[in-house]
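The values are calculated or read from the model by the stated rules, or taken from the named source; none is laboratory data. All figures in this text were calculated on a predicted structure; none of them were measured in a lab. Cβ atoms come from the backbone with ideal geometry, glycine included; neighbour counts cover every protein chain shown.
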Amino acid sequence: MVKMAWIRRFSLLAFSLLAIDAASATPVPSQGSMKGVDFSNALGLPEIKVEMAESRLKLSPSPEALNDVIIALEELLNSKCMTKLPQTLTYPGNPSDPICIARMQRILELNPGNPVGLCVRDGITAQSCVDAYQNQQLSVFYPSSSIEGLDPALKVGLSAADTARITGFETSLAEINQRYQSAVADADKKKCLDDATLVYEQALSVACRVTSVKLTPKTSTGASNEDLEITQTRERLLQVPPAIRGDYQREMTQKVLKELESANVSTERRGVLQTLLQVIDAPDAPVPQQATETVRTRIVLAKCNEFMELAKKATADLPNPVCYREGWYSPQCIQALKRWRVMKQQEEIKGRVKTTPGAAPSSSTYRF
């Protein structure tokens, strides 16, 4: 009865998740690291996604399932552990929330160089965080693109309503561009730029609503790059029939424990020995999945990329193109938001944007 009740509960959660995903186009365990952590009080949508992705990975290990777990963990860490970052533009790292700690440990276990995990651990200004995001690539998805394991939302693309809104934004930008080209006074040109900025903010929020992150292995993924001794120990024990395996396990365990007692064991070797104990105890347990050497790619729709490029040319200081390109929790985005906030504060203090007396009119090459 308890088992059936859990199955019914999990099915309801799965149904709820699918229903919410269908209605939204918004753009991821080590038993030791999560032991004693109660997730029941924080079982929101991101946590449900993590649990379901972990279940899929356990039932059918694959690079695609591993990618889904990592992305679900990223979403949870961003939304729960760095919730106020886009508003405060600060995050020092070193989380104290047990769920954040557990999920952070899990994502770094699966993907040691993961930028979200490193930023949650070390802080948004840490060099490790900046460097990890610096290696991220951008890929544009076109209807003819063929990318395996792609988020279905990208293939669906924008809805008819969103496409109509995009057309409206393009019309507005064309009208603003005409006004800009015919404007003579700097104040009028400034007004056109401000109007274009507002339209670009709205256009990007629609065109970039659907994004995805994909981890592509530099080398083969699957079993973790574990120490050869661990792999050989597992294989040796699996060749022994379970009925007589106990004697071999006890002998191996005693040998490992004896080495662990030595004061000369290095930290790295101690880690290998502790893993060996786990393998000796359960040699038939699933081999841990890990994505160590990966290329991180952020995938956006073609229209999103088009607006990002245009916005950068027309309103160079607008942070939105950077944030949609790199991610709203990336250090690059946070720095762009800081610069934008300072600029707006200075404008507010001055009351107007000062121009250089006698300066030539701005070049009329903007394309809105």
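Each residue in the stretch 106-122 was checked for being of a type outside the set (A, V, I, L, M), buried (at least 18 other Cβ atoms within 10 Å of the Cβ) and over 13 Å from the mean Cα position of the chain (by Cα), and 4 of them qualify.
Just a yes or no: is a residue in the stretch 81-92 surrounded by 13 or more Cβ atoms within 10 Å (Cβ to Cβ) and farther than 29 Å from CYS304 by Cα? Looking for residues that are surrounded by 13 or more Cβ atoms within 10 Å (Cβ to Cβ) and farther than 29 Å from CYS304 by Cα, one finds none in the stretch 81-92, hence no.
Of LEU17, LEU12, all but one fail to be under 20 Å from LYS155 (Cβ atoms) and modelled with pLDDT under 50; the exception is LEU17. For the stretch 223-230, the condition of being assigned to a helix (DSSP H, G or I), more than 30 Å from ALA316 (Cα to Cα) and touching a helix residue (DSSP H, G or I) at 6+ places or on another chain (Cβ under 8 Å) holds for at least one residue. Summed over the stretch 231-276, residues that are in a helix (DSSP H, G or I), over 26 Å from ASN111 (Cα atoms) and among the hydrophobic types (A, V, I, L, M, F, W, C) total 8. Within the stretch 167-188, residues that are loosely packed, with under 15 Cβ neighbours inside 10 Å sit with their Cβ atoms under 8 Å from residues that are in a helix (DSSP H, G or I) and of a type outside the set (Phe, Trp, Tyr), at 6+ positions apart or across chains, in these pairs: ASP188/ARG179.
Taking the stretch 143-162 as the range and being modelled with pLDDT of 90 or more and loosely packed, with under 14 Cβ neighbours inside 10 Å as the test, the residues that pass are SER159, ALA160, ALA161. Annotation note: of GLY93, GLY36, the sole residue that is modelled with pLDDT under 90, out of contact with any strand residue (DSSP E or B) (no Cβ under 9 Å at 6 or more places or on another chain) and of a type in the set (Gly, Ala, Ser) is GLY36. Counting only helices (runs of 4 or more DSSP H) that fall entirely inside the stretch 46-126 and contain at least 1 residues that are among the small types (Gly, Ala, Ser), the qualifying elements are 63-76, 98-110, 115-122.
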